[in-house]
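Each remark here refers to the structure printed beneath this line.
The values are calculated or read from the model by the stated rules, or taken from the named source; none is laboratory data. As the structure is a prediction and not an experimental result, all values here were calculated from the model. Here the Cβ is made from the backbone with ideal geometry for all residues, glycine too, and neighbour counts use every protein chain on show. To get the accessible areas, we keep the full protein, side chains included, count just its heavy atoms, and leave off ligands, DNA and RNA. Shrake-Rupley method; radii C 1.70, N 1.55, O 1.52, S 1.80 Å.
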Amino acid sequence: MAADPRAVLVTGGAGYIGSHAAKALHRAGRRVVVLDSLVAGHRAAVRFGPLVEAEVADVEAVRRALRDHDIGAVMHFAAFLDVGESVRAPVRYYRNNVTGALSVLEAMAAESVRCFVFSSTCATYGEPIETPIGEHHPQAPINSYGESKLAVERALPHFERAYGIRSIALRYFNAAGADPDGELGEDHSPEIHLVPRAIEAAAGGRPLEIFGDDYPTPDGTCLRDYVHVSDLADAHVAALDALVAVGRSGAYNLGSGRPHSVREVIAQVETVTDRSVPRSIAPRRPGDPAILYAAAQKARAELHWAPRCSDLETIVATAWRWHRAHPHGYHGG
Ligand code: UDP
């Protein structure tokens, strides 16, 4: 396939997954432009193309970015992602995640940009009725984060019919790890996800709380499918290539297909760091299903994507390396 001289706009490209995707695009020879409000993103994470500092809800600003930079495709990452907060403050999730995505699509329709890769989530499935979870599993979210992503997924066929915007929705399982080159990593405040929390605890920060050890799983803790952020980034490039080459819209799970328990993750963090992870058992976290892992064959078959660094050891080792070099994230040096 000939390289597309038009650039890719990466909304949320100063954030965790978006910055890794910007790097993967750059490596694949694509021109990259990041659009980010920097409310949650980091200027220092924007390294692979110019930054347009704007809100995705600002349709005029997005249109201007599409025009000024001769954009041919959009990858949309900009969204809030805290499931617990989405239960307490759904308005933020509907406003930012749904309205924000619709603004981007509106701008794309107005500027005749017709390729859209959407950052979706396994939270659109809700409580699983079977595992592993395939793309045909019913989508019945149990929190407004999942609802907000599903609402956008459901809008996409309508935007394709009306405006010819083809799209691929990528439903991530548990994104974790950091850029193997050490350039990029996870920097949320507060940090809520298991891998960075366990590392923080091992490094002498807040002890880890294990949210429930009475689940119907072999060791009583939840099973999740951890997938390396650089593998997710590669999947976005593969999705864009497929969209350009084949032109078929669709949705794909992105996971390693291997479930790991909370205790297994802690044990891996202890091995990699050679430190203990101070922890206690806390009540279950509302909205946490016992077992979530992906059937991810569709992405392998159709996008020719295969995770390369999603084994737990590489995930934890890269996250630990990032944490040691940047104990206070991007701002701490
Ligand atoms: N978890 C935990 N303590 C924490 C953070 C997470 O026990 O401080 C558990 C959580 O209950 C879930 C798993 O780790 O079973 C992964 O949670 P995370 O928040 O990383 O991702 P999610 O599954 O919510 O996308």
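Please indicate, with yes or no, whether at least one residue in region 302-323 is modelled with pLDDT under 95 and surrounded by fewer than 23 Cβ atoms within 10 Å (Cβ to Cβ). Show your work before the answer.
Let us first name the residues in region 302-323 that are modelled with pLDDT under 95, namely none.
For region 302-323, residues modelled with pLDDT under 95 and surrounded by fewer than 23 Cβ atoms within 10 Å (Cβ to Cβ): absent.
Taking region 86-110, which residues are open to solvent by less than 40 Å² (accessible area, probe 1.4 Å) and modelled with pLDDT of 95 or more?
97, 98, 100, 101, 103, 104, 105, 107, 108, 109
I need the full set of residues from region 45-72 which are open to solvent by 50 Å² or more (accessible area, probe 1.4 Å) and in a helix (DSSP H, G or I), in order please.
60, 63, 64, 67, 68
Kindly establish whether residue 238 is touching a Lys or Arg at 6+ places or on another chain (Cβ under 7 Å) and within 30 Å of residue 32 (Cα to Cα).
On the way: touching a Lys or Arg at 6+ places or on another chain (Cβ under 7 Å): no; within 30 Å of residue 32 (Cα to Cα): yes.
So residue 238 does not fit the description; no.
Taking into account only those residues within region 198-215 that are open to solvent by 20 Å² or more (accessible area, probe 1.4 Å) and within 13 Å of the ligand (Cβ to nearest atom), which is nearest to residue 39 (Cα to Cα)?
Per the criteria, the residue is 200.
The rows are residues; the columns are (1) in contact (Cβ under 8 Å) with a residue 24 or more places away in the chain; (2) open to solvent by less than 20 Å² (accessible area, probe 1.4 Å); (3) within 12 Å of the ligand (Cβ to nearest atom).
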position: 121; (1), (2), (3): yes, yes, yes
position: 129; (1), (2), (3): no, no, no
position: 133; (1), (2), (3): yes, yes, no
position: 136; (1), (2), (3): no, no, no
position: 144; (1), (2), (3): yes, yes, no
position: 148; (1), (2), (3): yes, yes, no
position: 152; (1), (2), (3): yes, yes, no
position: 157; (1), (2), (3): yes, no, no
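With 277, 244, 262, 269 as the choices, which residue is over 30 Å from residue 156 (Cα atoms), among the β-branched types (Val, Ile, Thr) and open to solvent by 20 Å² or more (accessible area, probe 1.4 Å)?
Of 277, 244, 262, 269, the one residue that is over 30 Å from residue 156 (Cα atoms), among the β-branched types (Val, Ile, Thr) and open to solvent by 20 Å² or more (accessible area, probe 1.4 Å) is 262.
Residues of region 286-318 being away from the ligand (no atom under 15 Å from the Cβ), in a helix (DSSP H, G or I), of a type outside the set (Gly, Ala, Ser) and under 20 Å from residue 269 (Cα atoms), which ones?
Across region 286-318, the qualifying residues are 313, 314, 318.
Yes or no: region 179-197 includes at least one residue that is of a type outside the set (A, V, I, L, M), over 30 Å from residue 105 (Cβ atoms), more than 9 Å from the ligand (Cβ to nearest atom) and touching a Cys at 6+ places or on another chain (Cβ under 8 Å).
Yes: one or more hits.
Which of (1) open to solvent by 20 Å² or more (accessible area, probe 1.4 Å); (2) within 11 Å of the ligand (Cβ to nearest atom); (3) not acidic (Asp, Glu) does residue 173 not meet, given it meets every other one?
(1)
Can you pull out the residues in region 280-323 that are under 27 Å from residue 44 (Cβ atoms) and without any contact (Cβ under 8 Å) to a residue 60 or more places away in the chain?
317 - this is the single residue of region 280-323 that is under 27 Å from residue 44 (Cβ atoms) and without any contact (Cβ under 8 Å) to a residue 60 or more places away in the chain.
Okay, residues lined up against (1) part of a loop (DSSP other than H, G, I, E, B); (2) of a type outside the set (A, V, I, L, M); (3) touching a residue at least 12 places away in the same chain (Cβ under 8 Å):
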{"residue": "183", "(1), (2), (3)": "yes, yes, yes"}
{"residue": "205", "(1), (2), (3)": "yes, yes, no"}
{"residue": "213", "(1), (2), (3)": "yes, yes, yes"}
{"residue": "225", "(1), (2), (3)": "no, yes, yes"}
{"residue": "242", "(1), (2), (3)": "no, no, yes"}
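Assess whether residue 191 counts as being surrounded by fewer than 19 Cβ atoms within 10 Å (Cβ to Cβ) and more than 30 Å from residue 101 (Cα to Cα).
no
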